[in-house]
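Worksheet: one structure, shown below.
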Amino acid sequence: MPVESARLELLSALARKVLWLSSWTIHHANHIRPNVDGLKVGGHQASSASLANIMSALYFSVLKPEDRVAVKPHASPVFHAIQYLFGHQTRQKLEDFRGFKGAQSYPSRTKDTDDVDFSTGSVGLGVAQTLFASLVQDYVKSHGWMKDRPEGRMIALVGDAEMDEGNIFEALLEGWKHGLRNTWWVVDYNRQSLDAVVREGLWEKFESMFRNFRWDVVIVKYGRLMRAAFAEPGGEALKIWIDNCPNQMYAALCFQGGAAFRKHLHDDIGDQGSVTQLIDRRSDDELLALMSNLGGHDMVSMIDAFESIDHDRPVCFIAYTIKGVGLPMQGHKDNHAGLMTVTQMEKWRAAQNIRPGHEWDKFEGLSQDPAALEAFLAQAPFNREGRRRLTAPVIEVPERLAFKPAPQMSTQQGFGLVLNELARENTELASRIVTTSPDVTVSTNLGGWVNRRGLFAKAENHDLFRQEKIPSTFNWDYSPRGQHLELGIAEMNLFIMLSALGLSHSINGERLLPIGTLYDPFIQRGLDAMNYACYQDARFMVVATPSGITLAPEGGAHQSIATPLIGIAQDGLASFEPAFVDELAIIMGWGFAHMQREGGEGGSVYLRLSTRTLEQPQRIMTPELEKNITDGAYWLRRPGPNCDLVVAYTGAVAAEAIEAIGLVGESRRDVGVLAVTSADRLHGGWTAARKLRRDRRGVAHLSHIEKLLAPLPRDCGIVTVIDGHPATLGWLGSVRGHRVEALGVEHFGQTGTIDDLYRHHGMDANAIIDAAESLTAGGPVRHRKMAV
Ligand SMILES: Cc1ncc(C[n+]2csc(CCOP(=O)(O)OP(=O)(O)O)c2C)c(N)n1
Ligand SMILES: [Mg+2]
């Protein structure tokens, strides 16, 4: 359907305004704001110009309130300019672009205040996020929770070089498996990356790849001026020249201008009558306008392309653009960090009819009636409902999560048992849990849960082995009611899926409580995606097992050393490594509540679990113990008044700590054992308390670890032990100035039995005793663990 001319005129005027405002935002940040030095803006100017028209078409006309968009990181000024015109962004934030509390360099869900749907910045992640957000919408719909809400389209504005990121390809395959719908990716095909001009013919690779995955592909190459010129006598020869012009040359000519285009056209085509006349009928400026009129910069072409889609299959639009279009650096291969000089900006300002001092005025320099522009903005479908963030009620979590106890268990086994009990009950909590795993569902102990709750698929699909009565422990039935999302092995996909599931309350208005499982070392494979999930404030529980070197029989290649430190350092993620299953059940219950807390209080949860079977303590879980477990530590054995030594352990090495204490008890006084369930929570509590004390002088707020260590005599030594990097617990000595020997793993890849490896890495009972001896006065410890 052709775009009617009144709408077109307003849209084009607004697109020009968006280009101006985004460029002015960047210019202001570089040349006008005081103290600009630390905040110089590279990478935005040319990238933003490339998308100004396409984004204006989308936001001012095509998008509906239920649609959600991931914006290419460097187009953030365009996004903020559009929201400014809508009245959702303040001038102050634009003036402070990239500054403290100003509009963010890359669109941020959590830090920006103008309704960013998905945070971007690490290229590739936002793109894949839209795909998984669409799968999550399907999940919500299949479970009957969409009610009357219309389905949204999940849209990514993608840089052409961004397509190099492997996680995009991994996501494409996953989308195909799950019957992806309602997803649009708009590739800003400016044929430039950060460093250079991209390879010739890249679009063909994109086209065949997307078609291969059953996507619709729409190529928007020529703008309206170009198409009109092609229809003139000689136009066909011009089109052939454009199609054959190498990317580098086209970019260089766009930079050089109309005269350069004219010379090249004449040199290449020669004197051919009609085409020569076509060229010569145009001034240099007109010729440049014609040659810059690629599809992505033409409002009609983009609106027509978007509005031509009449199905819900995924679509890839390849929109031809020029990086930096309309600006003096357009097409230059070095323009990624390019900035306009003050002189260039003055010239451009004059050309735009913008008076000095009126740069931020919404409709300054436009000839259209401001009232008509304002009315158009107010009626834009996207803007109809104002802000589009939804909320969902909190799902109640029972006081205690049950599990069937056994005298000996591993935490991984315990995790399966807790979920199994949840699966049996018909509770709201159980119905909102959704599990997912990158091909390690069974080996991370989700099998029991999946047997009861089933796998999710939009269509029923029964387990053929079961139908054929072939014995199997697992029932692999798919249905639209299923609660487990099966994923391929790619861990990036796991974390982006968790990110999408964990934002459902805000995007779909329906809360999900996602649990993802994987092997602990492979957290590092998906780490950037996990970081971004946390940065977006998605809420999920990641359960990583097996972990450390304790997975001994799995071999050296699967060992994880750094993950406890990741657990401490990752913002937005509360990390735990319980030793016993009763602790785990408490932590999981706390976790489900933590995942739902608002107001900067809540976050996601990471459980580092083990496959090692340990003797379980027989004890009554008191509210005090419960609180200590979730705060990060408790005294498994309380130190006496003359305590010489404390052994602080985390996780599966509890057995070694307990064994060592038994042997050391004779020769050291009042020994204590500190069970650390969360080095992360302990450390976070400690730093928060110090900050509180600094900020509000005189307030004697003590953190949990300070209170725990307070009774220890000054010269008491602390031996810490963890199956992970020793720095995880080494800091305990700084809390009250105790000397510490930190045991753990620093080297990677040795295989063997657990005994072999604990001995090799110096974290068995004897190593703990050695460390204790070196820290404390007194004679040598007489009894040692016997070699097996
Ligand atoms: C994961 C990641 N690696 C590197 C970068 C640095 N970077 C930012 S933009 C960019 C190139 C982008 O090219 P393209 O996607 O074509 O966008 P354009 O510059 O054309 O707007 C790079 C390498 C990044 N932001 N994220
Ligand atoms: Mg590019």
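The values are calculated or read from the model by the stated rules, or taken from the named source; none is laboratory data. Being a predicted model, the structure only gives us computed values, none of them experimental. Neighbour counts run over all protein chains shown; Cβ positions are idealised from the backbone, glycine included. For the accessible areas, the whole protein counts, side chains as well, though only heavy atoms, and no ligand, DNA or RNA atoms are used. Shrake-Rupley method; radii C 1.70, N 1.55, O 1.52, S 1.80 Å.
Descriptive notes on the structure:
- The single residue among GLY166, GLY175 that is modelled with pLDDT of 95 or more, more than 16 Å from ligand 1 (Cβ to nearest atom) and either surrounded by fewer than 18 Cβ atoms within 10 Å (Cβ to Cβ) or not acidic (Asp, Glu) (or both) turns out to be GLY175.
- Among the residues here, HIS74 qualifies as open to solvent by 10 Å² or more (accessible area, probe 1.4 Å), in contact (Cβ under 8 Å) with a residue 12 or more places away in the chain and either more than 16 Å from ligand 2 (Cβ to nearest atom) or in a helix (DSSP H, G or I) (or both).
- Scanning region 99-134 for residues that are more than 12 Å from the chain's Cα centre (by Cα) and within 16 Å of ligand 2 (Cβ to nearest atom) returns a single hit, TYR106.
- Some residue of region 660-675 being modelled with pLDDT of 95 or more and surrounded by fewer than 17 Cβ atoms within 10 Å (Cβ to Cβ): no
- Candidates are the residues of region 112-127 that are within 16 Å of ligand 1 (Cβ to nearest atom) and touching a strand residue (DSSP E or B) at 6+ places or on another chain (Cβ under 8 Å); the one that is most open to solvent (accessible area, probe 1.4 Å) is VAL123.
- Tabulated pairs, region 588-615, first closer than 18 Å to VAL397 by Cβ and of a type in the set (Phe, Trp, Tyr), second modelled with pLDDT of 95 or more and surrounded by fewer than 19 Cβ atoms within 10 Å (Cβ to Cβ), C-beta under 7 angstrom, 6+ apart or interchain: PHE592/LEU429
- Residue check for ALA196: within 16 Å of ligand 1 (Cβ to nearest atom), open to solvent by 20 Å² or more (accessible area, probe 1.4 Å) and among the hydrophobic types (A, V, I, L, M, F, W, C): yes
- So LEU498, is it open to solvent by less than 10 Å² (accessible area, probe 1.4 Å) and within 13 Å of the chain's Cα centre (by Cα): yes
- Pairs, first closer than 13 Å to ILE566 by Cβ and part of a helix (DSSP H, G or I) in region 514-530, second within 16 Å of ligand 1 (Cβ to nearest atom) and among the hydroxyl-bearing types (Ser, Thr, Tyr), C-beta under 6 Å, six or more apart: ASP528/SER122
- Candidate set from region 715-768 (those that are more than 30 Å from the chain's Cα centre (by Cα) and among the polar types (S, T, N, Q)); member that is surrounded by the most Cβ atoms within 10 Å (Cβ to Cβ): THR720
- The C-beta contact set for region 642-663 (first residue free of Cβ contacts under 8 Å to residues at least 12 places away in the same chain, second residue open to solvent by 10 Å² or more (accessible area, probe 1.4 Å) and of a type outside the set (Ser, Thr, Tyr), distance under 9 angstrom, 6+ apart or interchain) comprises GLY662/HIS783.
- For region 634-657, the set of residues classified as more than 17 Å from PRO617 (Cβ to Cβ), open to solvent by 10 Å² or more (accessible area, probe 1.4 Å) and in contact with a strand residue (DSSP E or B) (Cβ under 8 Å, 6 or more places away or on another chain) consists of PRO639, GLY640, ASP644, listed by residue number.
- Among the criteria (1) under 18 Å from GLY632 (Cα atoms); (2) part of a helix (DSSP H, G or I), the one HIS725 does not fulfil is (2).
- Region 511-538: number of residues that are within 19 Å of ALA70 (Cβ to Cβ) and open to solvent by 10 Å² or more (accessible area, probe 1.4 Å): 6
- Region 314-344, residues that are in a loop (DSSP other than H, G, I, E, B) and more than 14 Å from ligand 1 (Cβ to nearest atom): PRO314, GLY326, PRO328, LEU339, MET340, THR341
- If you filter region 394-446 down to residues that are closer than 29 Å to ALA457 by Cβ and hydroxyl-bearing (Ser, Thr, Tyr), you find that the one that is farthest from the chain's Cα centre (by Cα) is THR427.
- Residue that is nearest to ligand 2 (Cβ to nearest atom) [pool: residues in region 203-212 that are open to solvent by 40 Å² or more (accessible area, probe 1.4 Å) and not small (Gly, Ala, Ser)]: TRP203
- Per-region count, region 467-490, residues closer than 23 Å to TYR519 by Cα and open to solvent by 20 Å² or more (accessible area, probe 1.4 Å): 7
- Condition met for GLN277 (open to solvent by 40 Å² or more (accessible area, probe 1.4 Å) and assigned to a loop (DSSP other than H, G, I, E, B)): no
- Hits in region 135-174 - residues which are touching a His at 6+ places or on another chain (Cβ under 9 Å) and away from ligand 2 (no atom under 16 Å from the Cβ): LEU135, ASP138
- Of all positions in region 85-108, none carries a residue that is within 14 Å of ligand 1 (Cβ to nearest atom), surrounded by 23 or more Cβ atoms within 10 Å (Cβ to Cβ), among the polar types (S, T, N, Q) and assigned to a helix (DSSP H, G or I).
- Condition met for PHE592 (among the aromatic types (Phe, Trp, Tyr), closer than 28 Å to TYR106 by Cα and within 25 Å of the chain's Cα centre (by Cα)): no
- Test for HIS28: is it of a type outside the set (Gly, Ala, Ser), outside any loop (DSSP other than H, G, I, E, B) and away from ligand 2 (no atom under 16 Å from the Cβ): yes
- The one condition in (1) touching a strand residue (DSSP E or B) at 6+ places or on another chain (Cβ under 6 Å); (2) at pLDDT 95 or above that ASP310 fails to fulfil: (1)
- Checklist (1) open to solvent by 60 Å² or more (accessible area, probe 1.4 Å); (2) within 16 Å of ligand 2 (Cβ to nearest atom); (3) touching a helix residue (DSSP H, G or I) at 6+ places or on another chain (Cβ under 6 Å) applied to ASN190, failing item: (1)
- Pick from region 526-544, criterion out of contact with any Phe, Trp or Tyr (no Cβ under 8 Å at 6 or more places or on another chain) and over 12 Å from GLN570 (Cβ atoms), ranking: farthest from ligand 1 (Cβ to nearest atom): ARG539
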